[in-house]
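FYI, it's all coordinate maths here, none of it is from the lab. The structure presented is a predicted model; accordingly, all values stated were derived computationally and were not measured. In this analysis, Cβ positions are derived from the backbone assuming ideal geometry, glycine residues included, and neighbour counts consider all displayed protein chains.
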Amino acid sequence: MDFEYSERTRQLIKRVQNFLDTHLYPIEDELNEAIENGEDRWAIPPQIEELKAIAKEQGLWNFFLPDSEYGYGLSNLEYAPLAEIMGRTRFGSEVFNCSAPDTGNMEVLARYGSEAQKKQWLEPLLNGEIRSAFAMTEPEVASCDATNIETRIERDGDDYVINGRKWYISGACDPRCKILIVMGKTDPDNADRHRQQSQILVPIDAAGVTIVRPMKVFGNDDAPEGHAEITFENVRVPADNIILGEGRGFEIAQGRLGPGRIHHCMRLVGAAQRALEMMCVRAENRVAFHRPLSKQGSVREDIANSYCEIEQARLLTLKAAERMDRVGNKGAKDLIAMIKIVAPQMACRVIDRAIQIHGAAGLSQDFFLAQAYQMARTIRLADGPDQVHMMQLGRGLAAGYAAMAK
């Protein structure tokens, strides 16, 4: 299996890395400071929009869409190393218009949206003029099983009426967020549990949509994007806002989550790689008990184990990307499940070791590590908890090998 990057990909890697080195890393601390201690923590630092304008002008934009009509037309294998580089900083994906949840929402609209939906919502998202959110998770049910969702989407003449409560809706607190893709049930009594759900476009300023509060992650509200709790009370939108048709919500969700999972995993590889590099620098320069930390056997073991685990996760993710390109998301479902199990757990371990080697400083706002750990731990739940992927992978493997034995 050949994981050598194409010449086009190698050139993009250089350009993306150079952009971060030249434009983003020098102001990374300034951006964090503006968000944490600015007059309005929910305002977008102007530097972000300035960086986006520069990236767009340089053609470093919308790498994630495989359809060349909308972007570079990169394969999953070609996009993977770019996502890894972007994952090295909180702001990396956004400046290239490659941030979740917008990426998944743009994929949904590009693949399943009507021409009118594309015109109204996809085009401004592709241009980086607005942002969006995906409203699926609910507080009252185990949303890892999408068939549990209780939000109702009911037809009423030329409209649909939405009622329900969602939470941890990432990006919905962002002042630039203008549109929500809401998942709910249009046919709760359908005998096929996977045909009960639909997805519908809801403007965030529609009457009856209420942002209740930003939910916190480890005590952090993740301003200025945030993770909102939202209520929908008799929210009325045109029937044309339904995506693909009634009963297609689960199908859309599966199509949306496959690429999103691999994007998350590659970003986590990048975050872990940066943590490893920081760990090595700290170990060489920090002296304890009259010698550098790197002279301690346990520290060397942490560095070695981290290096091995990152490379294992990277190669597994690249293998999943290659399989997705060759046989599609469904054909690669086992590998997608594997990377979703492996990569977040790996990142948590590596970043935790880096925090430990940094001591109290590793917990502080002065280093990337606490922020990175929060992200990695969150991804162990986002797009499906580890246990769901283990359950599905284990079920398929047991059935498959049992059939072979017969």
Practice prompt. Using only Cα atoms, find the angle between the long axis of helix 249-285 and the longest principal axis of the chain, and express it within 0 to 90 degrees, rounded to the nearest 10.
Written response: 20
Worksheet entry | Electrostatic dipole magnitude of region 250-405 [Cβ: Lys, Arg +1; Asp, Glu -1; Cα centre; debye, to 20] | 60
Worksheet item: Can you list residues whose amide H is under 5 Å from residue 230's amide H, if they're 5+ apart or on another chain and H is modeled 1.01 Å from N?
Response: 166, 167, 212
Practice prompt. Rank-order 394-404, 220-230 by packing density, defined as the average count of other C-beta atoms within 10 Å over each peptide's residues, highest first.
Written response: 220-230, 394-404
Worksheet entry | Phi to ³J(HN,Hα) by Karplus 6.51 cos²θ - 1.76 cosθ + 1.60 over region 121-134, Hz, x for Gly, Pro | 10, 5, 4, x, 5, 4, 7, x, 7, 9, 10, 8, 8, 10
Response to the item:
Length-normalised contact order of region 7-126, Cα under 8 Å, at least 6 apart, in percent, tallies to 22
Worksheet item: Among the lysines, which have Cα under 19 Å from the Cα of residue 119 when same-chain residues fewer than 8 positions away are ignored?
Response: 178
Fill in: Helix 46-57 vs. the chain, principal-axis angle (Cα, 0 to 90°, nearest 10)
90
Worksheet item: Under the Karplus relation 6.51 cos²θ - 1.76 cosθ + 1.60, θ = phi - 60°, what is the ordered set of whole-Hz ³J(HN,Hα) values for region 390-399, x standing for Gly and Pro?
Response: 5, 4, 5, 5, x, 4, x, 5, 4, 5
Worksheet item: Whose amide H sits under 5 Å from the amide H of residue 160, counting only residues 5 or more places off or on another chain, with H placed in the peptide plane?
Response: 237, 239
Worksheet item: How many angstrom separate the Cα center of region 25-39 from the Cα center of region 189-242?
Response: 30
Fill in: Label assignment, Rg and Dmax of the Cα atoms in Å derived from the structure, set (1) 21.6, 78; (2) 23.0, 74; (3) 19.4, 57
(1)
Response to the item:
the chain: relative contact order from alpha carbon pairs under 8 Å, six or more residues apart, as a whole percent, is 14
Discussion item. Quick query: amide H of residue 217 versus all other amide H atoms, modeled in the peptide plane; which residues come in under 5 Å with a sequence gap of 5 or more or a different chain?
Written reply: 222
Item to complete: Quickly estimate the mean residue ellipticity at 222 nm for the chain, helices only: each DSSP H run with n ≥ 4 gives -39500 (n - 2.57), and the total goes over all residues, rounded to 500.
Response: -16000 deg cm²/dmol
Worksheet, complete the sentence: residue 360 neighbourhood, Cβ < 15 Å, K/R = +1, D/E = -1, net charge 0
